[in-house]
Each structure stands twice: as structure tokens, then as C-alpha cells.
Ligand code: DQA
């Protein structure tokens, strides 16, 4: 059970009637209920607060480590100039994700700069209220990467290392319906540990399917709708979206993390960021 503090800065109490063409018609209460409805699924306990006062936000940040594992913060206008909020996050060293309803990178120049961003583990903007849920996911995903980082050096062998990574990832997210690792063997990928239904694709030639394409193209691939992608090698009719993240040792790809979801469009850039962190740890500790 993760305990998360969700903090909202000035003027967000006016959501719903405040510039709805930018911030939408949901009120802050609607956003609170939206997260509340998802909390059970994410096994999440959370506290949701808003203040128009910098000091009150700082007090909440300073008190957070005693009660919470992480913070999702929409600092609102303070994003762009509050060194005091930045210093509070940096001082208490609690994993924090910066979230904005609007895409601040496409707005006025003064909004494009955040003084908070580089003390946060991730930044999410432009997804409206879903951004808060993605913020929670980013905290959970980075927590998995941190746990695998801590436990990886103690694993007896490669088998134990892959099992650890797969099981921690699979357990963290309800949207992961198949979570596995393929390892490179010559010009093929061979399935290793996985959680989910057995796959018919135990060996995949590099260059084939989405799994093979990620290795051939040397990049993470997110497929929002597998049925619209001609590369997709069907394994389950229930699979709707997929993410494949290469695992590097030094400069060479030695394998990949493959995750399928029964939900359409389940993977966004923040999923890529925390999964690439986990892939990096696996690549670092995998013995030649
Ligand atoms: C905001 C963006 C900020 O620039 C602005 O001052 C806000 C809301 C957002 O959620 O899009 O108050 O943080």
C-alpha cells in the first residue's frame, strides 16, 4: 500500500469556472473523486489538499515524509518562481512528481520554465485530470525501479535478477496484464521470466513483431492500439496495447522488457521513463 500526498497550489480551487478553455470544466472536487475512484485499483491511500498560500504548501511538503511515500504536486503559478517550494522538496528528499493540467511547454514563455522540475523524479503536463493519475503511476513506477536497484546486487544469479524485476513490475500495476523479459540469443529473442498467460511466441526473430522491432530499431516502442499495427504478433485477443523497452549492457542490447495491456492506449511517456530506469538496472547487474 503506497501512501501519497496530492498537493494543489493557488487558484486551483477555482477549477471548473477558471479559464475552462485551458483547464477544462472539472472542478477540484471532480478531480479528487476521479482519483478516489482509482485508488482501490492502485492499492493507494492518499490525501488531497489545496492551498493558495506558499507557506501552507511548504508546511505540507515538510510534514510529508512522516506520513507519505511520495508527493504528486501541481504547484500552479508557484511552479514558475517559488524557490521556497523547490527547496522544500529538495530538503525533505521525498519522491515528488510535478503535474500540470495544461501543457505548459506550449503556453506563454513565463510558464514554460519550472523552478521545481529538476528536484522532481518526473514531470507530467497536458493530460488534464489524467495527469494526476499518471503522476501516481510515475511514483509507483519509480518506486519499483528503486526497489529493483536496491535488491539487484543481492541476487544470486541472472535468473533471480530477471525474476525479481518481472515480479516487482507485474505487481505494481493493474494495467499490466502480461509482463515479461525476452533475452537476445543470436538473431532471436527468447522469452525468459514472465507473469501472465503462457505466450506462443517463445522465440522471436529480431526484426519481427513489435518485440523484434524494438531491438532492430534500438528504441522503446509504445503501441497504443496493437490491432492497428501491422507488426503485432498476436498472442492474446485481449491485448490492446503494448510497450517494449530494450535492456542495454554497455552499448549492446541484451534483452527487453515487454508489457501487454488489455486496456487500449495504456502506456504513455512516463511509463517509458520508469521502465527504462528498471531496464538500466537489469542491464547493469546481468552477468555476462
Ligand atoms: C497549471 C499551469 C500554471 O502555469 C498555472 O499558473 C496554473 C495551473 C496547470 O495545471 O496547467 O495555475 O499548473
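Any residue in the stretch 150-165 that's without any contact (Cβ under 8 Å) to a residue 60 or more places away in the chain: show its pairings with residues that are outside any helix (DSSP H, G or I) at Cβ separation under 8 Å, as long as the two are six or more apart or on different chains.
Within 8 Å, the pairs are 159/193; 163/193; 164/155.
Does the stretch 69-103 hold any residues that are in contact with a strand residue (DSSP E or B) (Cβ under 7 Å, 6 or more places away or on another chain), over 19 Å from residue 12 (Cα atoms) and surrounded by fewer than 22 Cβ atoms within 10 Å (Cβ to Cβ), and which are they?
69, 94, 95
So which pairs qualify, if the first residue must be in the stretch 1-24 and in contact (Cβ under 8 Å) with a residue 12 or more places away in the chain and within 13 Å of residue 100 (Cα to Cα), the second must be within 13 Å of the ligand (Cβ to nearest atom) and assigned to a strand (DSSP E or B), the Cβ gap must be under 6 Å, and the two must be at least 6 apart or on different chains?
Qualifying pairs under 6 Å: 6/72; 7/73; 8/50; 8/74; 12/50.
Based on what the data block shows, is residue 179 at pLDDT 95 or above, crowded, with 16+ Cβ neighbours inside 10 Å, more than 16 Å from the ligand (Cβ to nearest atom) and more than 30 Å from residue 27 (Cβ to Cβ)?
yes
Scan the stretch 172-191 for residues that are free of Cβ contacts under 8 Å to residues at least 12 places away in the same chain and either within 17 Å of residue 270 (Cα to Cα) or part of a helix (DSSP H, G or I) (or both) and jot them down.
Listed by number, the list is empty, since nothing qualifies.
Being over 21 Å from residue 184 (Cβ atoms) and surrounded by fewer than 20 Cβ atoms within 10 Å (Cβ to Cβ) narrows it down to one of 201, 208, 227, 270, so name that one.
On inspection, the qualifying residue turns out to be 227.
Restricting attention to the stretch 99-136, report how many residues are in a helix (DSSP H, G or I), in contact (Cβ under 8 Å) with a residue 60 or more places away in the chain and away from the ligand (no atom under 11 Å from the Cβ).
4
Among 24, 16, which is the only one that is surrounded by fewer than 16 Cβ atoms within 10 Å (Cβ to Cβ), out of contact with any strand residue (DSSP E or B) (no Cβ under 7 Å at 6 or more places or on another chain) and more than 24 Å from residue 118 (Cα to Cα)?
Exactly one of 24, 16 is surrounded by fewer than 16 Cβ atoms within 10 Å (Cβ to Cβ), out of contact with any strand residue (DSSP E or B) (no Cβ under 7 Å at 6 or more places or on another chain) and more than 24 Å from residue 118 (Cα to Cα), namely 16.
Hey, which of the strands (runs of 3 or more DSSP E) in the stretch 1-98, taking only ones fully inside, have at least 2 residues that are in the same structural domain as residue 109 (by TED's automatic domain parsing) and within 13 Å of the ligand (Cβ to nearest atom)?
Once the strands (runs of 3 or more DSSP E) in the stretch 1-98 are filtered for at least 2 residues that are in the same structural domain as residue 109 (by TED's automatic domain parsing) and within 13 Å of the ligand (Cβ to nearest atom), what remains is 2-8, 70-74.
The values are calculated or read from the model by the stated rules, or taken from the named source; none is laboratory data. Remember, predicted model here, so these are calculated numbers, not experimental data. We place every Cβ from the backbone using ideal geometry, glycine too, and count neighbours over all the protein chains shown.
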